[in-house]
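**Student:** What follows is a single structure, and I will ask about it in a moment.
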Amino acid sequence: MKSTAALTTGRIGPNVIIQTALTLRDRLGPDIATRLLTRSTSYGLLDLPQEMVEETKANALVRAVHETYGLPFARDVMAESGRRTGDYLLAHRIPKPAQWLLPLLPRAMALRVLLAAISKHSWTFAGSAQLTVTPGDPVEISLCHCPLCAGQRASEPICDFYAGTFGRLAQALLGPDGWAEEVACEARGDAACRFLMGSGR
Ligand SMILES: [Zn+2]
């Protein structure tokens, strides 16, 4: 079927590459950041993508960060990249009235609205993954065939980019106690990458 080809060559938003590159630049300097970026994606610091990118390139950059720097530093970099992506979405993609209103709503309702928005925009971050969402507090967001950790093996969940993005949005839109965490990860051998996002602990 036609749609199969589209799915196997999945594309995702450019923020994984952009925000990871900027985080690496700020932590390690432009030369090291450029080397890692260009080797894994063919983009450069001055030539960052503006449009949707092949998910294999985003995956290659995440993998390069992990393989070069090891688990603790790589997880930290990817979490910051995710938080920066959340900041980008809040600045450019999420209407200001929604940002004022959501924290004022009852938390269960705000979580439902946020989950619906995440589902609606999943094409920008899920790529060829299969997304499942489960309402509640916390809500659950599950990615089967996660594009970012594909091909990696780890002893703990490593999709910190997503956890960082969801966590930043939860804090801004649900209140300061908003949080998100990855509780299962395909890199660890779990059946899917599963994220919980809640309004408070
Ligand atoms: Zn994962």
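**Student:** Using only the alpha-carbon atoms, how far is helix 15-28 inclined from the longest principal axis of the chain? Give it as 0 to 90 degrees, nearest 10.
**Tutor:** Value to nearest ten degrees: 70.
**Student:** Provide the solvent-accessible area of Asp31, counting protein heavy atoms only and rolling a 1.4 Å probe, rounded to the nearest 10 Å².
**Tutor:** Estimated to the nearest 10 Å², Asp31 gives 110 Å².
**Student:** So what are the ³J(HN,Hα) numbers for segment 146-156, from phi and the Karplus equation (6.51, -1.76, 1.60; θ = phi - 60°), rounded to whole Hz, Gly and Pro as x?
**Tutor:** Here the 3J(HN,Hα) series is 4, x, 8, 9, 3, x, 10, 10, 8, 8, 8 Hz.
**Student:** With every protein chain left in place, what is the accessible area per residue of segment 2-198 in square angstrom, probe 1.4 Å?
**Tutor:** 48 Å²
**Student:** What Cys residues in the chain have no fellow cysteine's beta-carbon under 4.7 angstrom?
**Tutor:** Cys with no partner Cβ under 4.7 Å: Cys144, Cys149, Cys159, Cys185.
**Student:** Compute the Cα gyration tensor for the chain, then decide on rounded, prolate or oblate, letting a ≥ b ≥ c be the square roots of its eigenvalues: rounded whenever a/c is under 1.5, prolate when a/b is larger than b/c in the other cases, and oblate in all that remain.
**Tutor:** prolate
**Student:** Compute the helix-to-body angle for 107-120: its Cα long axis versus the longest principal axis of the chain, expressed 0 to 90° and rounded to tens.
**Tutor:** Taking Cα atoms only, the helix is inclined about 40 degrees.
**Student:** Between Gln130 and Asp31, what is the FRET efficiency for a Förster distance of 45 Å, r being their Cβ-Cβ separation, to the nearest 0.05?
**Tutor:** In this case the efficiency is close to 0.70.
**Student:** Short version: ³J(HN,Hα) in whole Hz for each residue of segment 166-182, in order, from phi by Karplus 6.51 cos²θ - 1.76 cosθ + 1.60 (θ = phi - 60°), x for Gly and Pro, what are they?
**Tutor:** 4, x, 5, 5, 4, 5, 6, 9, 10, x, x, 8, x, 8, 8, 8, 8
**Student:** Rounding to the nearest 10 and keeping the result within 0 to 90°, find how far the Cα-based axis of helix 71-92 lies from the longest principal axis of the chain.
**Tutor:** 60 degrees
**Student:** Based on the alpha-carbon gyration tensor of segment 46-87 and its eigenvalue square roots a ≥ b ≥ c, which shape applies: rounded if a/c is under 1.5, prolate if not and a/b is larger than b/c, or oblate?
**Tutor:** Since a/c reaches 1.5 but b/c is at least a/b, the shape of segment 46-87 is classed as oblate.
**Student:** Of all the accessible heavy-atom surface of segment 127-201, with the other protein chains kept in place and a 1.4 Å probe, what percent is carbon and sulfur?
**Tutor:** 48 percent
**Student:** Per residue of the chain, what 222 nm ellipticity follows from adding -39500 (n - 2.57) for every DSSP H run with n ≥ 4, rounded to the nearest 500?
**Tutor:** Here the helix-only value at 222 nm equals -16500 deg cm²/dmol.
**Student:** Picking from Gly29, Gly175, Gly127, which is most flexible by a Gaussian network model of the chain using Cα springs under 10 Å?
**Tutor:** Gly29
**Student:** Report the FRET efficiency, 1/(1 + (r/R0)^6), for Thr56 and Met109, where r is their Cβ-Cβ distance and R0 is 30 Å, rounded to 0.05.
**Tutor:** With R0 = 30 Å, the Cβ-Cβ based efficiency is 0.20.
The values are calculated or read from the model by the stated rules, or taken from the named source; none is laboratory data. These numbers were taken from a predicted model, which means no experiment stands behind them. Neighbour counts run over all protein chains shown; Cβ positions are idealised from the backbone, glycine included. Surface accessibility is based on the protein's heavy atoms, side chains included, excluding ligands, DNA and RNA. Shrake-Rupley method; radii C 1.70, N 1.55, O 1.52, S 1.80 Å.
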